[in-house]
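> Can you read through this structure? Questions will come right after.
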Amino acid sequence: MIFSTVRNCAPPNAPMFTELEIKSPESRAYVEYYFDGIRQREYNAKRLELRIFPNKAKSQSEKNKLLSKLKFEFHKALEKGWNPLSFEKPAEKKAVLSLENSVKEILKSKLNENYSRSYKKDLVALSGKFLQFLTSAEKKCSVDKLETSRVIEFLEQFNSSNRNYMNKRQTLNVLLPNTISRTPRKKCNEQLHEIYTKEEMKEVLAFLKKHYPKLHLLSLLAYGCFLRPHEESRLLQKRHIKEHKIYLSGNENKGKKIRVVDIPNYVYEALLPFIENCENDNSYIFTGTNWLINDDYFKTMWSRAKNKMKAKSLIKENQTLYSFRHSASVNVYKKIKDIYILQKLLGHSSIIVTMKYLRGLGEVNSEELRDALPEL
């Protein structure tokens, strides 16, 4: 390889470069040379901040003229000491999203993911309240410019209870990642779902069977099949039930895994009339049609039934629909002492969730659960 002689006008110790040559393949033409032994190809003069674009020429003669000009300009720059190896493209400025647009983008993303309807509903409601709370200037600024004191001021609106505050704080954390961590936490007691004794269970189920058949079936599904009342049971369709089993796909249960649940005979007997009432395989068990009852249907029905049962001293204040599922969990654990089987029955995503579940029910403590941890 033969290098050209450095011109007198070049700075001392300037790097060597070869003669520049014009290359015109069938695709794009360019000027080629070697600089310090490294091949360089110049298709235009952007690197010299000049508007020379040979490959955009409308005729061959114009293209040839522009190529000659391109070669001349690069040769002149190289003689003056321009170094193509130190050239850096100007950093592209990334558009900074405003706080308002950032919240809307995150909300849009979350609404497209596989979350429960109630969770999505909470996200929509809270994002709307938060944007309404902000000033016009705050909406236009970036997320990192928002004062933590303003976020705290917004959260203080939900101070009716520590639980309500922490729920809103957790939801807002999805919309404002890395911001909520700077806001104060509040200690709150977990909601207690007091379990039923066998005697209470019989009396409550007998009352529901007589006066609220749908609640009766819902309670049996929570107790006998460990289904979550307001999501898994409410959304249950005829197609999910085959040969005394319930089959739920990963996006049809909270654990996000395929779940197969055996149906005990006492549950199937109560379930059978509802199955027979279904118009087709896609019919919902609790309506018999393709129409789905709303999210709060069973909450409202249970509230009415509970008031009547409390008046008859059939039920305690902290006994709820979820108490059927919790009662079943305690009964199974006492019977088999196998936390892994219980995890599968409950449809929990991990053994840790089941451990917290049992501890929250007051059935086991940390020492008892230690033996259940996996060993390496």
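> Does any residue in region 47-75 that is farther than 22 Å from S86 by Cα come within less than 8 Å, Cβ to Cβ, of a residue that is β-branched (V, I, T) six or more places away or on a different chain, and which pairs are these?
Partner pairs satisfying both residue conditions: L66/I52; L67/I22; L67/V31; S68/I22; K69/I52.
> Moving on to the next point. Kindly indicate whether K139 is in contact (Cβ under 8 Å) with a residue 12 or more places away in the chain, over 25 Å from K316 (Cβ atoms) and open to solvent by 20 Å² or more (accessible area, probe 1.4 Å). Outline the logic, then answer.
Values: in contact (Cβ under 8 Å) with a residue 12 or more places away in the chain: yes; over 25 Å from K316 (Cβ atoms): yes; open to solvent by 20 Å² or more (accessible area, probe 1.4 Å): yes.
Considered against the rule, which asks whether it is in contact (Cβ under 8 Å) with a residue 12 or more places away in the chain, over 25 Å from K316 (Cβ atoms) and open to solvent by 20 Å² or more (accessible area, probe 1.4 Å), K139 comes out as yes.
> On to the next question. Filter region 113-133 down to the residues that are surrounded by 15 or more Cβ atoms within 10 Å (Cβ to Cβ) and hydrophobic (A, V, I, L, M, F, W, C) and list them by number.
Matches in region 113-133: L123, L126, F130, L131.
> Among the numbered criteria (1) open to solvent by 70 Å² or more (accessible area, probe 1.4 Å); (2) at pLDDT 85 or above; (3) in a helix (DSSP H, G or I), which single criterion is violated by V174?
(1)
> Follow-up question, since we're still on this one. Those residues that are farther than 22 Å from I293 by Cβ and under 23 Å from the mean Cα position of the chain (by Cα), I need them from region 230-258; list them, please.
Here is the first cut: in region 230-258, the residues farther than 22 Å from I293 by Cβ are 242-245, 250, 255-258.
Residues satisfying the conditions are G250, G255, K256, K257, I258.
> Among (1) in contact (Cβ under 8 Å) with a residue 40 or more places away in the chain; (2) open to solvent by less than 30 Å² (accessible area, probe 1.4 Å), which single condition is F154 missing?
Failed condition: (1).
> Next question, about the same structure. Take K245 and tell me if it is open to solvent by 40 Å² or more (accessible area, probe 1.4 Å), closer than 17 Å to L220 by Cβ, of a type in the set (D, E, K, R) and modelled with pLDDT of 90 or more. Spell out the reasoning first.
Details: open to solvent by 40 Å² or more (accessible area, probe 1.4 Å): yes; closer than 17 Å to L220 by Cβ: yes; of a type in the set (D, E, K, R): yes; modelled with pLDDT of 90 or more: yes.
Considered against the rule, which asks whether it is open to solvent by 40 Å² or more (accessible area, probe 1.4 Å), closer than 17 Å to L220 by Cβ, of a type in the set (D, E, K, R) and modelled with pLDDT of 90 or more, K245 comes out as yes.
> How about region 210-234: which of its residues are open to solvent by 20 Å² or more (accessible area, probe 1.4 Å) and either farther than 20 Å from K310 by Cα or in contact (Cβ under 8 Å) with a residue 40 or more places away in the chain (or both)? I'd like the intermediate steps shown before the answer.
Quick first cut of region 210-234, residues open to solvent by 20 Å² or more (accessible area, probe 1.4 Å) only: 210-214, 216, 223, 228, 230-231.
Across region 210-234, the qualifying residues are H211, Y212, K214, H216, Y223, R228, H230, E231.
> Of K299, K316, K337, K344, which residue is open to solvent by 40 Å² or more (accessible area, probe 1.4 Å) and on the phi > 0 side of the Ramachandran plot?
Numbers: K299 fails: on the phi > 0 side of the Ramachandran plot; K316 fails: on the phi > 0 side of the Ramachandran plot; K344 fails: on the phi > 0 side of the Ramachandran plot.
Only one candidate passes the filter, namely K337.
> Right, another one. Of the residues that make up region 189-197, is at least one under 20 Å from F298 (Cβ atoms), touching a Phe, Trp or Tyr at 6+ places or on another chain (Cβ under 9 Å), surrounded by fewer than 16 Cβ atoms within 10 Å (Cβ to Cβ) and not β-branched (V, I, T)?
Yes.
> So which of E73, E138, E113, E105 is touching a helix residue (DSSP H, G or I) at 6+ places or on another chain (Cβ under 8 Å) and over 30 Å from P25 (Cα atoms)? Steps first, answer last, please.
Values: E73 fails: over 30 Å from P25 (Cα atoms); E113 fails: touching a helix residue (DSSP H, G or I) at 6+ places or on another chain (Cβ under 8 Å); E105 fails: touching a helix residue (DSSP H, G or I) at 6+ places or on another chain (Cβ under 8 Å).
On inspection, the qualifying residue turns out to be E138.
> Select from region 106-115 the residues that are of a type outside the set (A, V, I, L, M) and under 13 Å from G128 (Cα atoms) and list them in ascending order.
Quick first cut of region 106-115, residues of a type outside the set (A, V, I, L, M) only: 108-110, 112-115.
Once the filter is applied, which keeps residues that are of a type outside the set (A, V, I, L, M) and under 13 Å from G128 (Cα atoms), region 106-115 yields only K108.
> In addition: Take the conditions modelled with pLDDT under 90, among the hydroxyl-bearing types (S, T, Y) and open to solvent by less than 60 Å² (accessible area, probe 1.4 Å) and apply them to S283. Does it pass? Break it down into steps so the answer makes sense when it comes.
Details: modelled with pLDDT under 90: no; among the hydroxyl-bearing types (S, T, Y): yes; open to solvent by less than 60 Å² (accessible area, probe 1.4 Å): yes.
No, not satisfied.
The values are calculated or read from the model by the stated rules, or taken from the named source; none is laboratory data. Bear in mind that the values here come from a model prediction, so they are computed numbers and not experimental data. Every residue, glycine as well, gets a Cβ built from its backbone with ideal geometry; the counts of neighbours run over all protein chains shown. These area figures cover heavy atoms from the full protein model, side chains too; ligands, DNA and RNA do not enter into them. Shrake-Rupley method; radii C 1.70, N 1.55, O 1.52, S 1.80 Å.
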